[in-house]
Each structure stands twice: as structure tokens, then as C-alpha cells.
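First up is the structure itself, then whatever we jot down about it.
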Amino acid sequence: SDVPMNNVTVGGLTTIKQVQEVLTVINGATGIVTHDYSLGTIFYHVSPAGNFTVQLTNYPTTANIAGVVTIVLQQGSTARYATALSVNGATTTLKQFNGSVPNVRANKTDIQSITIYNVNGTINATSQVSTFG
């Protein structure tokens, strides 16, 4: 039977055979879109209606930790992506790869990987997009 565990810290070498993560589906994203970190870290966007801000809620506030949020963008006829980030209500600069607008593609699947790192209590974030299909 399953045993629920929350907030587990493991030190040393950890070997895991399989891992599955919860996928949160979001339709027609535009504007400010809530992404609840406590529900998982992978968000599947179906036909985003406009570029949007990732409003990340329930992100851990511990200093000197890092995490990755994956934004899957199932593009429609106009390609869109996350242009900004808010973490627990605080606006954070989302630094794009090479400092430029990502090359998202219409009618393709783009994966936007956002790395969030808390350095001594200051949240920083970088973003990189890869296109598939």
C-alpha cells in the first residue's frame, strides 16, 4: 500500500527505478496564469491564447535551493510562451536564453524550462525553450 510522505530530505546517493509526475493541463492561457507548485512541476498548455505570466504559487521559500518548472506549450496557429514570472506573489525577472526572445513555433510543441534558484533569499530565474515536431 502507498504511504503518503511530505517534505522528505534525503542525503547521499539515491537510486530510484521509476518516477512519475503529475501533469497539470491549462487551456487557452493568456495574461497572468496561476501554476500551483504544490500540485506538480509540469504544466501542459493547450493552445495558449497569448503570451503569459507564470504566477507560481506555493513555491518553497528556503534559501539556497533550486527547482525546475516545465511548461509544455502545445502551440496553435500563433506560437506563445511565458514572458514573465511571479513567485509567491513577488515579480521575478525571467532571464531568457541568450537574452533574446525564444524561437517558439506555430503548430509545434515547445518545451519551456524555467529554473528558479533562491540565492541567500533572493529569487532568480532563467528560461530556455526547445521545439519538437
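Rg (Å, one decimal) plus Dmax (Å, integer) for the alpha carbons of the range 58-133?
13.4, 42
For M5 and T83, what does the FRET efficiency come to when R0 = 35 Å and r is the distance between their Cβ atoms, rounded to the nearest 0.05?
Result of the calculation: an efficiency of 0.45.
Just for the chain, what percent of DSSP beta bridges are antiparallel, to the closest 5?
Of those bridges, close to 50 percent are antiparallel.
Report the local net charge at G76: Lys and Arg +1, Asp and Glu -1, summed over other residues whose C-beta lies under 14 Å from its C-beta.
Neighbourhood net charge equals +2.
So, for the chain, what is the accessible surface per residue at a probe of 1.4 Å, expressed in square angstrom?
Using a 1.4 Å probe on heavy atoms only, each residue of the chain averages 61 Å².
Say each of Q128 and L23 gets a label point 7 Å from the Cα, pointing the same way as Cα to Cβ; how far apart are those two points in nm?
2.3 nm
In percent, how large is the relative contact order of the chain, given Cα pairs closer than 8 Å and 6 or more residues apart? Don't jump to the answer; show the numbers that get you there.
Numbers: 301 pairs, mean separation 27.3, N = 133.
So the answer I get is 21 percent.
How much of the calculated P(r) for the chain lies past 21 Å, in percent of all Cα pairs?
44 percent
The values are calculated or read from the model by the stated rules, or taken from the named source; none is laboratory data. Model, not experiment: these values are computed from the prediction. Here Cβ is always computed from backbone atoms with ideal geometry, including for glycine, and neighbour counts include all displayed protein chains. These accessible areas exclude ligands, DNA and RNA; they are computed on the full protein's heavy atoms, side chains included. Shrake-Rupley method; radii C 1.70, N 1.55, O 1.52, S 1.80 Å.
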